[in-house]
Amino acid sequence: MKKFILLLLFTISATAQIKGVVRDSITKEPIAYAAIVYENTEIGTNANEKGEFELTKHESNFIINVSCLGYKTKTHQISNSNDIYLTPKQEVIQEVIISNRKNTSEITVGKYKNSSVSYGSSKPGIIYAKYINYNSKVENHPFVKKIQFTTRSMKKNAKLKLRFLSVNQNKELVGDIIFDEIIVTVKSGVHNNTVDLEKYNIVIPKEGIFIGFEILIIEENKYEYIYTNQGETVKHKAISYEPSIMAYEAKETNVWSIQNNKLRLLTQGPYLKQEEIGLKLTLTN
């Protein structure tokens, strides 16, 4: 009987949930959609729109890293009180001279039609991105007016986060160009999305830019389903976090993953072909 009780207690402890709230260290206001990840792992979650999070207790790891756009990453030891305060970054945001913006003509670059491959994630803080090269067309129309991209979602009103990241001459990540949270809510099924970005005054620098899609590990994105492997009769339960970002077969691969500020070109996609994230940019002068 003692062994059974001890085993039961261990099971409860191993699967216990920890809860907390992520807040701004200055305003004390909740921070929405921060990423919470166990240190040296890919296990974690995202806070919800109220800054609240719930995480399955790790049996041996009690350290989490908490990060969010515009804030310094914080290392936190799990305790009875998990109110976590993030410090805003003192970043030099890309300077834009608004008076130079003419808005007299615009062009469209890229494409998003005929997308047939999707990229999703069940791990927090992962960004799928596409590199936009600086060229003569962009030089004459450097302002990003709007973006169009395709998603596939099994959930209605799933959310993702748009990211715009600058690089240096060696195509190494420098950081986010803007620190506003751009949260996009998408419809279920395969859907073409349009986001107006004119108010952000995003300028594509000479080194180019990565446009990223961060999948949020939150309850409203959670989709549970049952599947059977080929040749099996046993049914399996699985969870995905919606939506997925659509890509298409291309001459060169332009699908990148970004995690912990590390950039990786996905040279072999789900179908072992060269692929490119489908998106269109409307640029103006």
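Considering each residue of the stretch 123-135, count those that are of a type in the set (D, E, K, R) and buried (at least 19 other Cβ atoms within 10 Å of the Cβ), and give that number.
Selection size over the stretch 123-135: 1.
With the requirement that a residue be β-branched (Val, Ile, Thr) and buried (at least 20 other Cβ atoms within 10 Å of the Cβ), what does the stretch 230-257 give you?
Keep residues of the stretch 230-257 that are β-branched (Val, Ile, Thr), which gives 233-234, 239, 245, 253, 255.
Ile245, Val255, listed by residue number.
Taking the stretch 232-246, which residues are in contact (Cβ under 8 Å) with a residue 12 or more places away in the chain, touching a Ser or Thr at 6+ places or on another chain (Cβ under 6 Å) and either among the hydrophobic types (A, V, I, L, M, F, W, C) or assigned to a loop (DSSP other than H, G, I, E, B) (or both)?
Glu242, Pro243, Met246
From (1) of a type in the set (Val, Ile, Thr); (2) part of a helix (DSSP H, G or I); (3) surrounded by fewer than 21 Cβ atoms within 10 Å (Cβ to Cβ), pick out the condition that doesn't hold for Val138.
Condition (3) is where Val138 drops out.
Given the conditions (1) in a loop (DSSP other than H, G, I, E, B); (2) under 23 Å from Arg163 (Cα atoms), and given that Asn40 satisfies all but one, which numbered condition is not satisfied?
Among (1) in a loop (DSSP other than H, G, I, E, B); (2) under 23 Å from Arg163 (Cα atoms), Asn40 violates only (2).
Pairs please, first residue from the stretch 217-231 and in the same structural domain as Asn157 (by TED's automatic domain parsing), second anywhere and exposed (fewer than 10 other Cβ atoms within 10 Å of the Cβ) and part of a loop (DSSP other than H, G, I, E, B), Cβ atoms under 9 Å, 6+ apart in sequence or on different chains.
Every condition considered, the pairs that remain are Ile226/Lys235; Tyr227/Lys235; Thr228/Val234; Thr228/Lys235.
Any residue at all in the stretch 147-161 that's part of a loop (DSSP other than H, G, I, E, B), under 25 Å from Val190 (Cα atoms) and of a type in the set (Phe, Trp, Tyr)?
Of all residues in the stretch 147-161, those part of a loop (DSSP other than H, G, I, E, B) come to 154-157.
Now drop any that are not under 25 Å from Val190 (Cα atoms), which leaves 154-157.
Remaining after also requiring of a type in the set (Phe, Trp, Tyr): none.
No, the stretch 147-161 contains no residue that is part of a loop (DSSP other than H, G, I, E, B), under 25 Å from Val190 (Cα atoms) and of a type in the set (Phe, Trp, Tyr).
Of the residues Asn82, Asn40, which single one is of a type outside the set (Gly, Ala, Ser) and farther than 14 Å from Asn260 by Cβ?
The match here is Asn82.
Looking at (1) closer than 16 Å to Leu279 by Cα; (2) under 13 Å from the mean Cα position of the chain (by Cα); (3) not basic (Lys, Arg), which is the one condition that is false for Ile218?
(1)
Here's a check for you: in the stretch 101-128, which residue that is part of a loop (DSSP other than H, G, I, E, B) and among the basic types (Lys, Arg) is modelled with the lowest pLDDT?
The extreme case among them is Lys113.
Yes/no matrix, rows are residues, columns are (1) over 20 Å from the mean Cα position of the chain (by Cα); (2) hydrophobic (A, V, I, L, M, F, W, C); (3) crowded, with 18+ Cβ neighbours inside 10 Å:
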site: Phe53; (1), (2), (3): no, yes, yes
site: Lys57; (1), (2), (3): yes, no, no
site: Asn61; (1), (2), (3): yes, no, no
site: Ile64; (1), (2), (3): no, yes, yes
site: Leu69; (1), (2), (3): no, yes, yes
site: Lys72; (1), (2), (3): no, no, no
site: Ile78; (1), (2), (3): yes, yes, no
site: Lys89; (1), (2), (3): no, no, no
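Would you please list the contacts, defined by Cβ atoms under 6 Å and residues six or more apart or on different chains, that run from a residue in the stretch 45-73 that is outside the structural domain of Lys123 (by TED's automatic domain parsing) and without any contact (Cβ under 8 Å) to a residue 24 or more places away in the chain to a residue that is outside any loop (DSSP other than H, G, I, E, B) and surrounded by fewer than 17 Cβ atoms within 10 Å (Cβ to Cβ)?
Phe62/Gln77
For Ile98, are the conditions met, namely being at pLDDT below 85 and among the β-branched types (Val, Ile, Thr)?
On the way: at pLDDT below 85: yes; among the β-branched types (Val, Ile, Thr): yes.
When the stated conditions are applied, Ile98 passes them.
The values are calculated or read from the model by the stated rules, or taken from the named source; none is laboratory data. Because the structure is predicted, anything quoted here is derived from the model rather than measured. Cβ: placed from backbone, ideal geometry, glycine included. Neighbour counts: every protein chain shown.
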